[in-house]
Amino acid sequence: MTYYTTARNQAKTQNSGRDRLFLAGYLTLMSALSLFVTVDAASAFPTQDIQVSIIKAKAHSRFDPRIPFRKTHRADFYSRVVVQGKFLGNTQVKSNTDRPTFNQTFIHKVSRHSKFAGIGIDLYDSDSGSADDQADISPGRFGARLNLMYELNTGKIYHQDRQGSVSGPKTFIGRAGQTITMRGDGKNAAELTFRINRKL
Ligand SMILES: [Ca+2]
Ligand SMILES: [Ca+2]
């Protein structure tokens, strides 16, 4: 009985210690959050949301070896999105289909003081047991990645064959809100349909 009481008291002491620890952690978190909010509100830079929607893809080459009576030769596509050098995420992998539909949107805030935002879209064929193959969705001589330049104040979208400076060669391909399809012409050719929206 005595032992039980002692054990219970010990438990009580431990609990209040844990409560204090929890409270300290909570306060640290709250002050960190308030700091974050303060900094965000204090920065007078207006931002613009850039929304990159990966709609669908289509294979124009075979990505996996053919095995009789199986559909495994079809591609296992997923796409990855980078805006202004920041990796925003991957879509889901759509296994064994050469015409996957993704309909996934990635959002990135950019300062409206920037004139252009660089957007990179990759399409990969997932492979188990070896490195994933990159599909070519960029027309032109260079690279498989789709390098885009998005002009913030006009909503114009440009393709750059080779990722380079803003002043480098670029081709106008459409505007914000339009559904755009780009097709690669090299090894592992495929096409990707996407849309870029902006929320002011
Ligand atoms: Ca496959
Ligand atoms: Ca595969």
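Only the coordinates and a few stated rules stand behind these numbers; no lab work does. All figures in this text were calculated on a predicted structure; none of them were measured in a lab. Counting neighbours? That spans all protein chains shown, and the Cβs are built from the backbone with ideal geometry, glycine included.
Express in nm, to one decimal, how much length is gained between Phe87 and Gln51 on full extension, taking 0.36 nm for each residue of separation and deducting their alpha carbon distance.
11.6 nm
Using packing as a proxy for protection, rank 166-177, 130-141 so that the peptide with the highest average count of other Cβ atoms within 10 Å comes first.
Working: 166-177: 13.8, 130-141: 18.1.
In descending order of packing, they fall as 130-141, 166-177.
What area, in nm² and to one decimal, does the C-alpha convex hull of the stretch 47-199 cast on average over all directions?
8.8 nm²
Rank-order 106-115, 50-59 by packing density, defined as the average count of other C-beta atoms within 10 Å over each peptide's residues, highest first.
On the way: 106-115: 15.0, 50-59: 20.9.
So the peptides 106-115, 50-59, ranked by packing, come out 50-59, 106-115.
If you take the beta carbon distance between Lys156 and Ser130 as r and set R0 to 25 Å, what does 1/(1 + (r/R0)^6) give as a FRET efficiency, to the nearest 0.05?
Plugging the Cβ-Cβ distance into 1/(1 + (r/R0)^6) gives 0.05.
Residue separation times 0.36 nm, minus the C-alpha to C-alpha distance between Arg99 and Arg175: what's the value?
Length gained between Arg99 and Arg175: 24.9 nm.
Put a dot 7 Å past each Cα toward the Cβ at Ile107 and Phe69; how far apart are the dots in nm?
4.9 nm
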